[in-house]
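The values are calculated or read from the model by the stated rules, or taken from the named source; none is laboratory data. Note that the coordinates shown come from a computational prediction; the quantities given were computed from them, not determined experimentally. With ideal geometry, Cβ positions are generated from the backbone for all residues, glycine too; neighbour counts draw on all protein chains shown. When the accessible area is computed, the model is the full protein with side chains, heavy atoms only, and any ligands, DNA or RNA have been set aside. Shrake-Rupley method; radii C 1.70, N 1.55, O 1.52, S 1.80 Å.
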Amino acid sequence: KGIGEYLGESVGVKAAVGVNTDLIKAIRHILEQPGVGLAKVSILCGGPDWPTSVICGILRIPLYETCVGLMPIVALTVPTTVAGAFQLRTGEGAVWASLASVMLITATIMQLGAALIAVYYIEEVRRTETLDYPIEEAVAAYDGKAAARKANYRRVAAEVRGPVRWL
């Protein structure tokens with residue numbers, strides 16, 4: 001959130017987050033809803049870390065809502081931490097290695113579940129809501145220049161390499 005508020009004015013940061021994409025617009029729509037519901041919690045805990053956190057800052061989502069929405073992350077981090085602790089004891093017997101594997105699988109399933117719930121809500125918003133957020137022209141211009149540089153690089157690289165010959 002601090003990064004988003006501080007760097008939220010940077011066109012490059014906004015382009016890296018993808019503020020003009022439908023995905024981020026749907027996330028934005030969910031995060032801007034008042035209160036803390038399952039959709040917001042699933043985005044905060046199961047969504048993509050960096051873009052979601054920066055979007056919270058850019059949109060100036062209240063810190064209280066962000067912190068309360070992130071509290072369930074404890075349920076996702078505890079199994080990973082316990083798996084690491086058990087992994088440290090694998091030299092003491094096979095039981096510890098088995099427990100570490102079980103906890104790591106548990107952590108993976110829980111994180112996947114949180115991500116799937118986030119994807120469900122994002123797709124629900126994309127399908128049912130009209131996301132009339134204006135296109136940020138400066139970001140669109142930045143993206144256009146980046147695409148032109150990438151195309152130019154590919155063209156020059158193809159000219160330098162010449163035709164590809166398989167051995």
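At a glance:
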{"item": "Structure-derived Cα Rg over 2.2 N^0.38 Å - corresponding label in (i) 1.38; (ii) 1.21; (iii) 1.30", "result": "(i)"}
{"item": "Listed residues A146, A115, A16, most fluctuating in the chain (Gaussian network, C-alpha, under 10 Å)", "result": "A146"}
{"item": "Normalised alpha carbon radius of gyration of segment 84-167 [divisor 2.2 N^0.38 Å]", "result": "2.08"}
{"item": "Inter-label distance, nm, simple model (7 Å from Cα along the C-beta direction), C67/I135", "result": "4.0 nm"}
{"item": "Within straight-line cross-link reach of K1, lysines at Cα separation under 18 Å, skipping those fewer than 8 residues along the same chain", "result": "K14, K25, K40"}
{"item": "Helix-derived mean residue ellipticity, 222 nm - over the chain, DSSP H n ≥ 4, -39500 (n - 2.57), to 500", "result": "-24500 deg cm²/dmol"}
{"item": "Residues R161 and V119, FRET efficiency given R0 of 35 Å [Cβ-Cβ distance, rounded to 0.05]", "result": "0.35"}
{"item": "Per residue convex hull volume, Cα atoms of segment 8-85, in Å³", "result": "99 Å³"}
{"item": "Added length on full extension, which subtracts the Cα-Cα distance from 0.36 nm per residue, Y153 to V74", "result": "24.0 nm"}
{"item": "Per-residue ³J(HN,Hα) for segment 33-38, Karplus 6.51 cos²θ - 1.76 cosθ + 1.60, θ = phi - 60°, Hz, x for Gly and Pro", "result": "5, x, x, 10, x, 4"}
{"item": "Around K40: net Lys/Arg minus Asp/Glu count, Cβ-Cβ under 12 Å", "result": "-1"}
{"item": "Fluctuation leader among R89, R154, R127 - the chain, Gaussian network, Cα springs under 10 angstrom", "result": "R154"}
{"item": "Hz values of 3J(HN,Hα) by residue in segment 25-30 - Karplus curve (6.51, -1.76, 1.60), Gly and Pro given as x", "result": "5, 5, 4, 4, 4, 5"}
{"item": "Rounded percent of accessible protein surface that carbon and sulfur make up, the chain, 1.4 Å probe", "result": "65 percent"}
